[in-house]
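Below is one structure; the comments refer to it alone.
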4 protein chains.
Amino acid sequence: MSSHLTRLRVRYAETDQMGVVYYANYLVWMEVARVELCKTLGFRYKDMEREDGVLLAVIQAECRYRYPARFDDEVVIETSVSAASSRGVEFTYEMRCAETGRRLASGTTRHIFLNGEMEPVRLPAKYRPMFGLKGST
Amino acid sequence: MSSHLTRLRVRYAETDQMGVVYYANYLVWMEVARVELCKTLGFRYKDMEREDGVLLAVIQAECRYRYPARFDDEVVIETSVSAASSRGVEFTYEMRCAETGRRLASGTTRHIFLNGEMEPVRLPAKYRPMFGLKGST
Amino acid sequence: MSSHLTRLRVRYAETDQMGVVYYANYLVWMEVARVELCKTLGFRYKDMEREDGVLLAVIQAECRYRYPARFDDEVVIETSVSAASSRGVEFTYEMRCAETGRRLASGTTRHIFLNGEMEPVRLPAKYRPMFGLKGST
Amino acid sequence: MSSHLTRLRVRYAETDQMGVVYYANYLVWMEVARVELCKTLGFRYKDMEREDGVLLAVIQAECRYRYPARFDDEVVIETSVSAASSRGVEFTYEMRCAETGRRLASGTTRHIFLNGEMEPVRLPAKYRPMFGLKGST
């Protein structure tokens, strides 16, 4: 499955007193990146949530920090779907400094699909091809 | 109307590369303080939102920054209701360093009451005495 | 003095359980906008901080919330320098929904210049013309 | 090595439009918990950073999300040092709902010691016994 590149610029708010980006913010960037990837795959995450009542709930997140991102750096995030089933999906992320190409961090998030009552559901058929899955018939 | 004291400790996440607390986080602290004040007044904000469908929507926030708070400082926030009507409420906040007593910041937030459809509503009668208002009859 | 337009997209992280953007995040957006405005004025804020040791410390921030921004909305922020002296500067911000043009919020931040010891300083001469001030000679 | 219990209350700012705590905020809570654990072990993290110039840089973070925390929940975090050497340290975290005892999330963070130039260093001898390590002689 193809990957998607997201670009963002480090905000002052995202730094901490160590002078680098605070570690939890990489997870925020992963969310920005997977929302963009979803658009590339053919749907808007907000529509899936609002119109179909399907939530993409995180069950695991992991990040390896290799080199610190700093204020005003442009960061490029390469995101891809590394696993998918009708029950859930896994994304992987590679974060690099746009200027130097240096790898900053890499991460993985695993998700399950939930309905509005926070119960596990199968991904509606219309979304399956977007994740490389066969639609149910 | 009486005031309430809230204590919190500055998180590393709340600092920025200037080595002090990032300015938007004082508004987060004001929220923590007014949620505690509501408990002192006799109700839990989450119940008002969940059970009565009344939201306390911010229409204005203001903060004056006097001295920077730093990581691991204990901050004391004195919060009070500075104005109230059946349509909305205003809170004021004085933030001090617990150890030195030094004034860190002072702020004000103004709110209106909304229903779940984000339309302005009057505060339900049962909450009015808590804000020093006469209950409707 | 000319204004600058900044565009950003609302992150999921920026929403709260009311289903709209949490109020403190508008101050983060103001920071993003003024960093971009500085570039338009001719300097990078991070260079001013790193190379000249001049910090732009916030002494007051104010925001009026008019209509809630929501997840995945594109927001346009028009930023301008509304006052400037060698001691400090004031920025104003108008935030609109890019799609509808609807005004979301408007804000003001006031800043003073500090050195690395957190003492007030005059803005170095080389930056003054950028804020519409006469350079010292 | 003994563990430490940290208590905190979920802030409105920490929720997202799913009505639960946004996933990156669990990493913020882990930081709050390990700062408290350090105090229990016998030192203040801010002193180690300020006085000895030793930074505790995160190289990996992982979180498994089991049940969503909600606004105003009290969360109890049990933190312990799960591995330590003179080069780095690993913490593990169990997060539970104080009221129900339900497990919310569990996490791990791995850190290395850096000096002010962001270079790896050995933990100064005076801190080693606090992490269950022999002091250098």
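Here are some notes:
- Per-region count, the range A:33-82, residues in a strand (DSSP E or B), under 12 Å from the mean Cα position of the chain (by Cα) and aliphatic (A, V, I, L, M): 6
- Residue within the range C:2-24 that is more than 11 Å from chain B (Cβ to nearest Cβ), surrounded by fewer than 17 Cβ atoms within 10 Å (Cβ to Cβ) and out of contact with any strand residue (DSSP E or B) (no Cβ under 9 Å at 6 or more places or on another chain) present: no
- From the list C:S86, C:S106, the one residue that fits, being in contact (Cβ under 8 Å) with a residue 40 or more places away in the chain, open to solvent by less than 50 Å² (accessible area, probe 1.4 Å) and within 14 Å of another protein chain (Cβ to nearest Cβ), is C:S106.
- The single residue among B:Y93, B:Y67 that is at pLDDT 95 or above and buried (at least 16 other Cβ atoms within 10 Å of the Cβ) turns out to be B:Y93.
- Of all residues in the range C:64-79, none are in contact with a helix residue (DSSP H, G or I) (Cβ under 8 Å, 6 or more places away or on another chain), within 7 Å of another protein chain (Cβ to nearest Cβ), without any contact (Cβ under 8 Å) to a residue 40 or more places away in the chain and not small (G, A, S).
- For B:K134, the stated conditions do not hold, so it cannot be described as exposed (fewer than 15 other Cβ atoms within 10 Å of the Cβ), touching a Phe, Trp or Tyr at 6+ places or on another chain (Cβ under 9 Å) and either not in a strand (DSSP E or B) or not acidic (D, E) (or both).
- Residue within the range B:102-112 that is under 14 Å from the mean Cα position of the chain (by Cα), of a type in the set (V, I, T) and farther than 20 Å from B:S2 by Cα present: yes
- The range C:109-125 - residue that is in contact (Cβ under 8 Å) with a residue 60 or more places away in the chain and open to solvent by 40 Å² or more (accessible area, probe 1.4 Å) and, of those, farthest from the other protein chains (Cβ to nearest Cβ): C:G116
- Extreme residue, least open to solvent (accessible area, probe 1.4 Å), among residues of the range A:25-52 that are among the acidic types (D, E) and within 12 Å of chain D (Cβ to nearest Cβ): A:E31
- Residue check for C:M95: within 17 Å of the chain's Cα centre (by Cα) and in a helix (DSSP H, G or I): no
- Qualifying residue in the range B:37-46 (condition: modelled with pLDDT of 95 or more and closer than 22 Å to C:Q60 by Cβ): no
The values are calculated or read from the model by the stated rules, or taken from the named source; none is laboratory data. Please read all numbers here as calculations on a predicted model, not as lab measurements. FYI the Cβ positions are ideal-geometry reconstructions off the backbone, even for glycines, and counts take in every protein chain you see. Note: areas computed on protein heavy atoms with side chains; ligands, DNA, RNA excluded. Shrake-Rupley method; radii C 1.70, N 1.55, O 1.52, S 1.80 Å.
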